[in-house]
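Trainee: There's a structure below that I have some questions on.
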């Protein structure tokens with residue numbers, strides 16, 4: 001039996017069958033996974049010399065130094081959302097790598113004070129659920145942006161909103177690289193700078209958060225309201241079969 005509740009602590013609106021106390025063991029001692037953290041990186045430009053792609057490639061190199069496995073998705077050829085069926089090969093490629101991942105990096109240029117349509121298009125093709133699989137929920141996310149002018153945070157702020165909507169664990173740190181054209185050498189490698197150091201900080205934090213949460217990601221997004229809804233749906237089905 002649980003503790004005796006005082007009158008002021010009683011919660012008659014709670015569905016007791018769906019309510020569960022927090023299981024500290026599942027949170028604090030999750031199973032250790034032996035494979036490297038799996039990080040997917042998305043960028044938001046198709047230019048031949050895309051600085052969001054170059055920043056993303058630098059981030060991938062840093063992630064691999066931290067022991068992660070990385071995959072970059074090339075958005076070239078991805079159709080507009082709802083313009084084709086989800087069975088389109090490029091859509092399936094994106095969804096497959098999202099499902100594979102345990103964390104993500106989103107990097108967009110800032111265009112007209114916002115993320116690019118190419119960035120948003122990729123996110124819009126990622127559903128909240130694929131059958132019984134939740135491709136984004138409980139996974140980690142780092143957000144970055146590049147700008148052609150002075151430093152701005154419009155794109156990363158929008159990416160944070162989308163990350164929350166997709167139920168991703170968006171890490172506190174972020175990167176914004178102003179005048180990105182001046183930050184790369186003739187070999188398209190990023191020059192040493194505080195902006196590069198910040199990307200290292202962000203990737204280090206992403207790997208740490210991913211290692212902390214990936215073993216209990218399913219438990220982190222296990223919700224009272226969804227348990228209650230599932231129980232009610234199961235009850236309806238049982239009642240329908242018994243009629």
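Trainee: Just to be sure I understand, how many residues within region 97-115 are surrounded by fewer than 21 Cβ atoms within 10 Å (Cβ to Cβ), over 12 Å from residue 162 (Cβ atoms) and touching a helix residue (DSSP H, G or I) at 6+ places or on another chain (Cβ under 9 Å)?
Mentor: 2
Trainee: A follow-up question, please. Take residue 119 and tell me if it is over 17 Å from residue 169 (Cβ atoms) and touching a helix residue (DSSP H, G or I) at 6+ places or on another chain (Cβ under 9 Å).
Mentor: In short, yes.
Trainee: While we're looking at this one, here's another question. For region 189-201, which positions are surrounded by fewer than 20 Cβ atoms within 10 Å (Cβ to Cβ), closer than 21 Å to residue 159 by Cβ and touching a residue at least 60 places away in the same chain (Cβ under 8 Å)?
Mentor: 196, 200
Trainee: I'd like the full set of residues that are in contact (Cβ under 8 Å) with a residue 12 or more places away in the chain and at positive phi, limited to region 40-98.
Mentor: 67, 77 - these are the residues of region 40-98 that are in contact (Cβ under 8 Å) with a residue 12 or more places away in the chain and at positive phi.
Trainee: Could you list, in sequence order, the residues of region 19-39 that are under 21 Å from residue 99 (Cα atoms) and either free of Cβ contacts under 8 Å to residues at least 60 places away in the same chain or under 18 Å from the mean Cα position of the chain (by Cα) (or both)?
Mentor: 34, 35, 36, 37, 38, 39
Trainee: Considering only residues that are touching a strand residue (DSSP E or B) at 6+ places or on another chain (Cβ under 6 Å) and within 15 Å of residue 144 (Cβ to Cβ), look in region 168-182 and name the one that is surrounded by the most Cβ atoms within 10 Å (Cβ to Cβ).
Mentor: So the residue we want is 177.
Trainee: Checking the structure you have, find out if any residue of region 181-188 is more than 16 Å from residue 105 (Cβ to Cβ), assigned to a helix (DSSP H, G or I) and in contact (Cβ under 8 Å) with a residue 60 or more places away in the chain.
Mentor: Yes; the residues of region 181-188 include at least one that is more than 16 Å from residue 105 (Cβ to Cβ), assigned to a helix (DSSP H, G or I) and in contact (Cβ under 8 Å) with a residue 60 or more places away in the chain.
Trainee: Sort through 159, 212 and tell me the only one that's assigned to a helix (DSSP H, G or I) and surrounded by 15 or more Cβ atoms within 10 Å (Cβ to Cβ).
Mentor: Answer to the selection: 159.
Trainee: Could you check region 30-44 and list, in sequence order, the residues that are under 17 Å from residue 71 (Cα atoms) and touching a helix residue (DSSP H, G or I) at 6+ places or on another chain (Cβ under 8 Å)?
Mentor: Across region 30-44, the qualifying residues are 37, 38, 39, 40, 41, 42, 43, 44.
Trainee: Can you spot a residue in region 219-232 that is surrounded by 15 or more Cβ atoms within 10 Å (Cβ to Cβ) and touching a strand residue (DSSP E or B) at 6+ places or on another chain (Cβ under 9 Å)?
Mentor: So far as region 219-232 goes, yes, one or more of its residues are surrounded by 15 or more Cβ atoms within 10 Å (Cβ to Cβ) and touching a strand residue (DSSP E or B) at 6+ places or on another chain (Cβ under 9 Å).
Throughout, read-outs are computed from the coordinates displayed, never taken from laboratory work. As the structure is a prediction and not an experimental result, all values here were calculated from the model. Cβ: placed from backbone, ideal geometry, glycine included. Neighbour counts: every protein chain shown.
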